[in-house]
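Derivation of every value follows stated rules applied to the coordinates shown; laboratory data play no part. Keep in mind the model is a prediction, meaning the values are calculated, not measured.
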């Protein structure tokens, strides 16, 4: 399914970063493999949020540099297969996304679904597992941060947040991170599990790779219009770096979480 002119299913950047931290970008790409012929969509649809989290590739690149951390980035669009969903989730290969019908995802056979899982989903999961295993081999319990972005408006409603911090049981990163961002002189509106919830089962990458194993973790959502340029992505990488610096510097963070 991946042709010779197509990109790989994932990219690892800053592989030798020395931070005890792994960044991931599930929705960093809007690429469709040539074999799927844009899933029957007009090319303009692939520039919209239905295809990817706008700005996250830029943001992760800048943030990985600021934090000296490795990162795993998805190589293909969430419309091919959504890497932040479980294999059982009906939206794994969405037939409709934000009221847009995805022709190439209609009535997929089990064989077609399995081929996409084999080509795109499994390699991405294995790449993350391999990076986490490398930390464990070094006796390190790494922090795990997923980067996403959200649209300024959805379903006719304005979303006033500059950023959203998604979390569930483990407060070690999200609580102080929200405090630090709200204390920033920029006067940011920071959502606590807004505009999405870390308690929702759709937050699969965090649940699967970090929450179940007790790694310190958080999912960060930045509004897309703030990071859709290199300048905006660099600005927010700096903001997040400043907000995370002291949190990530605490050696007590790097322990397996055991909820009481």
- Residue-normalised 222 nm signal for the chain, counting each DSSP H run of n ≥ 4 as -39,500 (n - 2.57), nearest 500 deg cm²/dmol, is -8000 deg cm²/dmol
- Query: Hey, what angle do you get for helix 56-67 against the long axis of the chain, alpha-carbon based, 0 to 90 degrees rounded to 10?
  - Reply: 30 degrees
- Rounded to the nearest 10, the angle in degrees between the Cα long axis of helix 122-137 and the longest principal axis of the Cα atoms of the chain comes to 20 degrees
- Task: Could you give me the radius of gyration and the Dmax of the range 62-124, taking only the C-alpha atoms into account and expressing both in angstrom?
- Result: 14.2, 44
- Query: Which label marks the calculated value of Rg and Dmax of the Cα atoms in Å, given the options [x] 28.6, 117; [y] 17.7, 53; [z] 21.1, 62?
  - Reply: [y]
- Note on the structure: Relative contact order as a percentage, the range 10-253, C-alpha pairs under 8 Å and 6+ apart, gives 25 percent
- Note on the structure: Checked the range 20-167 against the a/c 1.5 cut and the a/b vs b/c comparison, axes a ≥ b ≥ c from its Cα gyration tensor; verdict oblate
- For the range 25-76, count all C-alpha to C-alpha pairs, find those more than 16 Å apart, and express that count as a whole percent of the total. 45 percent
- Note on the structure: The answer for the per residue Cα convex hull volume of the range 104-148, in Å³, is 91 Å³
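First obtain the Kirkwood hydrodynamic radius of the range 160-225 from its Cα pairs, then insert it into the Stokes-Einstein equation at 10 °C and 1.306 mPa s, and state the resulting D in µm² per second as a whole number. Show your work: numbers first, answer last.
Working: Rh = 12.1 Å.
Rounded to a whole number, D works out at 131 µm²/s.
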- Among 165, 12, 220, whose mean-square fluctuation peaks in a Gaussian network model of the chain (Cα, cutoff 10 Å)? 12
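Would you kindly state how much longer the chain becomes between residue 99 and residue 126 on full extension, computed as 0.36 nm times their sequence separation minus their alpha carbon distance, in nm to one decimal? Show your work: numbers first, answer last.
Details: separation 27, 0.36 × 27 = 9.72 nm, distance 3.21 nm.
Difference between extended and current length: 6.5 nm.
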- Helix 230-249: angle to the longest alpha-carbon principal axis of the chain, degrees 0 to 90, nearest 10? 50 degrees
- Query: Under a no-solvent Debye model with one identical scatterer per Cα of the range 212-260, what's log10 I(q)/I(0) at q = 0.30, 0.31 Å⁻¹?
  - Reply: -1.12, -1.15
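Note down the relative contact order for the range 17-130 as a percent, whole number, built from C-alpha pairs under 8 angstrom at least six residues apart.
Details: 156 pairs, mean separation 36.2, N = 114.
Here the relative contact order equals 32 percent.
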